[in-house]
Structure formats: C-alpha cells, structure tokens
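Encoded as structure tokens, the structure appears first; notes follow it.
The values are calculated or read from the model by the stated rules, or taken from the named source; none is laboratory data. Everything numeric in this text was worked out from a predicted model, so none of it was measured. A quick note on method: Cβ atoms are made from the backbone with ideal geometry, for glycine too, and the neighbour counts reach across all protein chains shown. These accessible areas exclude ligands, DNA and RNA; they are computed on the full protein's heavy atoms, side chains included. Shrake-Rupley method; radii C 1.70, N 1.55, O 1.52, S 1.80 Å.
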Amino acid sequence: MEVKPDYKQTELGVIPEEWTVIRLGDLMPFVTSGSRGWASYYSERGDLFVRITNLSRSTIYLDLTDSRFVKLPIEAREGVRTQLNEHDVLISITADIGIVGYVDASVPSPAYINQHIALVRFDPLKVSGRFVSYFLASERPQKLFRAATDTGAKAGMSLLTVRKIKTALPSLAEQRAIEEALGDVDALLSGLDQLISKKRDLKQAAMQQLLTGQTRLPGFHGEWEVKRLGDVASLSKGTQLHSSETDEDGKFAHLNGGITPSGYTHKSNTDGNTIAISEGGNSCGFVQFMSDPYWCGGHCYSVIPKSMDNRFLYHALKSQQSEIMGLRVGSGLPNVQKTGLLDFKIKLPVTHHEQTAIAEVLTEMDVELTALELRREKTNALKQGMMQELLTGKTRLVKLADGEVTSC
C-alpha cells in the first residue's frame, strides 16, 4: 500500500512521521492490578469497587449504574496499591480482554479495582491518559486485542504483557487537542443518553397512569372494562419462509419470532401498522409494532383488532409484555401458545374515542424517543469517524500560539 508523504506504515497502521509507536512500559507508567480476596470487604455502602462490568467497548468512560462497594479496614494495605487516581487507564486482562476505561473526575474517590483489571498510570505532564485510552479503544488496537484473545493461547494478560502493549503517540499538545475533541462528542452522547433515559421514564410513567385509568385525559370519564384479547382482536400465525426466498436486498422484513428481523424478502404477507408478537424462541412474547408491510414467519403472530384502536391495543399489550412473556411454555424451545394469548386480559376504555386519545399521547412520546435515538445513532457514527481520522493522524489538530485549535 502506497503511503503518502509525511506518513509512515507501522504495526498500528499508517500514522504521521512525527508520531511514535511505543510500548506502554517504555513510558515509565505505574502498572498494577487488583488481587483476590476482596469479597470479604464487600459492603452495601462504602468505596466504589470497579469491575469489568463497569467497562464498555462503546465508551472509555466508566458505567457506574451497576456498582459494588467495599469497606476496607484501616490496616488494609491492598487499598493503597489499587486505589484509582484521576487520569488512570484501565484495561480488562481476563475473559473479555482489552476493554479500555478511563478514570475521569466523575469517578468517586476513593475507588479500587479487582484482579480482572490492570491499572496504568502515566505522568500527566508527559502523557495523556485519556488520549491513550481513546487510542487503545480505537479500531486497530482493538483488532490486535481480539486477535490475541481469539487464538485461545492465553486466558488473560499478565502485567508484563500490559507493559508491552503499543500505542501511537503524537506530541502532548496534539494528544490533548485530540482528547478534547473526542471528549466533546462523548459529552454530547452522554447528554443524549440522559435525555433518552428521562424520556423513557416519562413514557413508562405515562403508560402506567393512562393505560390503567388511574389518570384520565380531559373530557373522559366512566368505568373501564376488562376484556380477553380474543374478544377484541384475532390472532394470525405466520407462514414459514424458505431460506431461498430471503434476500438481504429485499424490501420487506422477515419477522420470525425474534426481536429483530431474521432477514429480508421481496414479498410480504402482512400489512403495515400491525402488532406482532413473537411465538417461539428466547424472545417469545415480545410485542412490537410493524409500521411497514412485512413477512410474518412461522414463529410470529399478527394481532388484528376487531373494533378497537390499533395503536391503543399495541400500547396496552406492550405495557404488559412481561406478563405476556410469562405465558411461555416448554423449556428446550419455549413458545407462547395461541390459546394463552387469546385468553390474556387487557383493561380498556369503553369508548373508541378515549382509546384513540390515549394512543395519540403515547405515540407522540414514541416519535420523540425515536428521533432522539436516531440523533444519538448519528452522533455516535460521527464519533467513530472522528476517532478514525484523529487517532490515525489523517486529520490533524494543531495548537496555535493563541490557543485556538484548528485542523489541517
């Protein structure tokens, strides 16, 4: 492959000439990992104890939603060695090797790590831990981690192996410019995640109130009634589609019992704006709304309302999805039987007008959520593109004398 001027080919890919490829150990970091025996220190409250479940391949920042805590006795020395500092780089070294984390100011202190995570601490005046975290989480280094894991030669990495991990390294000024640019996008993603979570909670609360009649929309009153699903809708089981009839370029989704389409086809057997319920497999009982025409497979039911609002029925069933999944029978290949679904009870307003009004409120919330999720997806795609450009030096960020950052 031809390398353009001012760039060079390395084991980490093509990078600018002035960047170096260097082992982490050659940067003289402090490297350690947790040890066994922390279980005796577990506590419902105390100091944060970081595990692999707090690391993610989608971001370098720790996910602390599922946190465990420890309470160390005063004489315990283990906490001194494994206590985290801001700017530390974390790398999973057993099982799912190579997940990279970065300790930023949001991580409470003190915090500690278990034996499945290596800690790498650089001199922040010489090396940016956040830049190294971003680099090790990028495509090329992750391929190298996966290759090491896929060989099956090692069940984990030793601290000596961690020291041998290589990173590309520009000047400290450029490291900081790159980390700031990527950090800004990550902050935007985090904000979107929080907003999406809030909107989902609001939607869940609205469903709980509106679909049980606890809260009534203005102008509506009167008792609700409880009906069997079979009283208000019919169920149609799909038809198995032969593999020769599927095509990834097909226009119509082939829904065959899973949460997502099992493929695509050039024909459909079910109209759009239809409720679908998975019949078999691990996701049996999953309820979804198919806006476009699709092929309903042999492990899927289509729900056709008789005389009620289709969208209201969808929201009513979706709000009770866990109960519907509770109808599954069988152990080897569980399924939800048609008779069980037809007997399933739902609560609904007597008037079609109130059903429609409730459905419009909940559907509008769904539309807003979908738009936010699409925005997040596009922002994440932007971030991936930026990582590819910035962490390989294809796009350069240069610090000017007045502190402004520009690209070249």
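What percent do you get for the relative contact order of the chain when only Cα pairs under 8 Å and 6+ apart count? Don't skip to the end; give the middle numbers.
Values: 727 pairs, mean separation 60.7, N = 408.
The normalised contact order for the chain reaches 15 percent.
Just how large is the dipole of the range 124-253 about the Cα centre, in debye to the nearest 20, putting +1 at every Lys and Arg Cβ and -1 at every Asp and Glu Cβ? The partial results should precede the final answer.
Details: 19 positive and 16 negative charges, 131 e Å.
It comes to approximately 640 debye.
In what order, largest first, do Lys251, Lys164 sit by accessible area if the probe radius is 1.4 Å? Don't jump to the answer; show the numbers that get you there.
Details: Lys251 165, Lys164 105 Å².
Final ranking, largest accessible area leading: Lys251, Lys164.
In a GNM of the chain with a 10 Å cut-off on Cα contacts, which of Phe220, Phe286, Phe122 has the highest mean-square fluctuation?
Phe220
Sticking with the crude label model, points 7 Å out along Cα→Cβ, report the distance from Lys126 to Val350 in nm, one decimal please.
Roughly 8.1 nm, to one decimal.
Whole-Hz Karplus ³J(HN,Hα) for the range 281-295, in order, using 6.51 cos²θ - 1.76 cosθ + 1.60 and θ = phi - 60°, x for Gly and Pro?
After applying 6.51 cos²θ - 1.76 cosθ + 1.60, I find x, 5, 9, 4, x, 6, 9, 8, 10, 9, 5, 9, x, 8, 9 Hz.
Across the range 230-239, in residue order, what do the Karplus-derived ³J(HN,Hα) couplings come to in whole Hz, using 6.51 cos²θ - 1.76 cosθ + 1.60 with θ = phi - 60° and x for Gly and Pro?
So the J values, rounded to whole Hz, are x, 7, 10, 7, 10, 10, 10, 7, x, 10.
Taking amide H positions as placed 1.01 Å from N in the peptide plane, with prolines and chain starts having none, which residues 5 or more places from Ala233, or on another chain, fall under 5 Å of its amide H?
Amide H neighbours of Ala233: Lys306.
Sort all Cα-Cα distances of the range 122-210 into consecutive 5 angstrom bins from zero, then give the percent of pairs in each bin up to the one containing the longest distance.
3, 11, 14, 15, 12, 11, 11, 8, 6, 5, 3, 1
How much of Glu17 can a 1.4 Å solvent probe reach, expressed as accessible area in Å² and rounded to 10?
Per-residue accessible area (Glu17): approximately 100 Å².
Scan the range 88-134 for trypsin sites (Lys or Arg not before Pro) in coil per DSSP, keeping those whose Cβ has at most 14 other Cβ atoms within 10 Å, and list them by number.
On the way: sites: Arg121, Lys126, Arg130; in loops: Lys126.
The qualifying sites are Lys126.
Given springs between every Cα pair under 10 Å in a Gaussian network model of the chain, which of Tyr314, Tyr112, Tyr41 has the largest fluctuation?
Tyr41
Per the helix-only calculation at 222 nm, which mean residue ellipticity applies to the chain, given -39500 (n - 2.57) for every DSSP H run of n ≥ 4 and division by its residues, nearest 500 deg cm²/dmol? Write down the numbers at each step before the final one.
Working: 10 runs with 133 residues, N = 408.
Computed ellipticity for the chain at 222 nm equals -10500 deg cm²/dmol.
Any idea what angle helix 139-150 forms with the longest principal axis of the chain, computed on alpha-carbon atoms, 0 to 90 degrees, nearest 10?
So the helix axis and the longest Cα principal axis differ by about 80 degrees.
What do you reckon, how do His353, His221 stack up by accessible area (1.4 Å probe), largest on top?
On the way: His353 130, His221 155 Å².
My answer, sorted largest first, is His221, His353.
How high is the FRET efficiency between Lys378 and His242 when r is their beta carbon distance and R₀ equals 41 Å, given to the nearest 0.05?
Values: r = 36 Å, r/R0 = 0.89.
Efficiency for this residue pair is about 0.65.
With every protein chain left in place, what is the accessible area of Lys227 in Å² (1.4 Å probe, nearest 10)?
Here the accessible area works out near 70 Å².
Using a Gaussian network model of the chain with C-alpha springs under 10 Å, which one of Val21, Val226, Val336 is most mobile by mean-square fluctuation?
Sorting by GNM fluctuation, first place goes to Val226.
Between 0 and 90 degrees, rounded to the nearest ten: what's the tilt of helix 310-319 against the longest Cα principal axis of the chain?
Once rounded, one gets 50 degrees.
Leaving out ligands, DNA and RNA but keeping every protein chain, what accessible area does Arg200 have, in Å² rounded to the nearest 10, with a 1.4 Å probe?
We get 120 Å² for Arg200.
What percent does the relative contact order of the range 59-153 come to when contacts are Cα pairs within less than 8 Å and at least six residues apart?
Details: 112 pairs, mean separation 28.8, N = 95.
Relative contact order comes out at 30 percent.
Long-range amide H contacts for Lys8: which residues qualify at under 5 Å (H placed 1.01 Å from N, peptide plane, sequence gap of 5 or more or a different chain)?
Excluding prolines and chain starts, which carry no amide H, the hits are Ile15, Glu17.
Protein chains only, probe 1.4 Å: how do Lys237, Lys378, Lys8 rank by accessible area, largest first?
Reading off the accessible areas and sorting them downward yields Lys378, Lys237, Lys8.
Give the span of the range 294-408's Cα atoms along each principal axis, as three whole-Å numbers ordered largest to smallest.
73, 43, 25
Which of rounded, prolate, oblate describes the range 260-300, given a ≥ b ≥ c as roots of the alpha-carbon gyration tensor eigenvalues and a/c under 1.5 marking rounded, otherwise prolate only if a/b is larger than b/c? Walk me through the numbers before you get to the answer.
Numbers: a/c = 2.14, a/b = 1.40, b/c = 1.53.
It is oblate, given that a/c is not under 1.5 and a/b is not larger than b/c.
Say R0 is 30 Å: what FRET efficiency, to the nearest 0.05, do Thr161 and Ser43 get from their beta-carbon distance? Write down the numbers at each step before the final one.
Details: r = 32 Å, r/R0 = 1.08.
That gives a FRET efficiency of 0.40.
Tell me the carbon and sulfur percent of the accessible area for the chain, rounded to whole percent, probe radius 1.4 Å. Could you put the intermediate results ahead of the total?
Details: 11050 of 21230 Å².
Ligands and nucleic acids excluded, carbon and sulfur reach 52 percent.
Through the Karplus equation 6.51 cos²θ - 1.76 cosθ + 1.60, θ set to phi - 60°, convert the phi angles of the range 20-25 into ³J(HN,Hα) values in whole Hz; use x for Gly and Pro.
Here the 3J(HN,Hα) series is 10, 9, 9, 6, 4, x Hz.
When all C-alpha to C-alpha distances in the chain are sorted into bins of 10 Å, what percent of pairs does each bin hold, rounded to whole numbers?
4, 17, 20, 20, 19, 15, 5, 0
So what's Rg/Rh here for the range 221-318, counting alpha carbon atoms and using the Kirkwood radius for Rh?
Rg/Rh: 1.03.
So, for the range 120-244, what is the accessible surface per residue at a probe of 1.4 Å, expressed in square angstrom? Don't skip to the end; give the middle numbers.
Numbers: 6660 Å² over 125 residues.
Ligands and nucleic acids excluded, the result is 53 Å² per residue.
Report, in degrees rounded to the nearest 10, the 0 to 90 angle that the Cα long axis of helix 172-210 makes with the longest principal axis of the chain.
20
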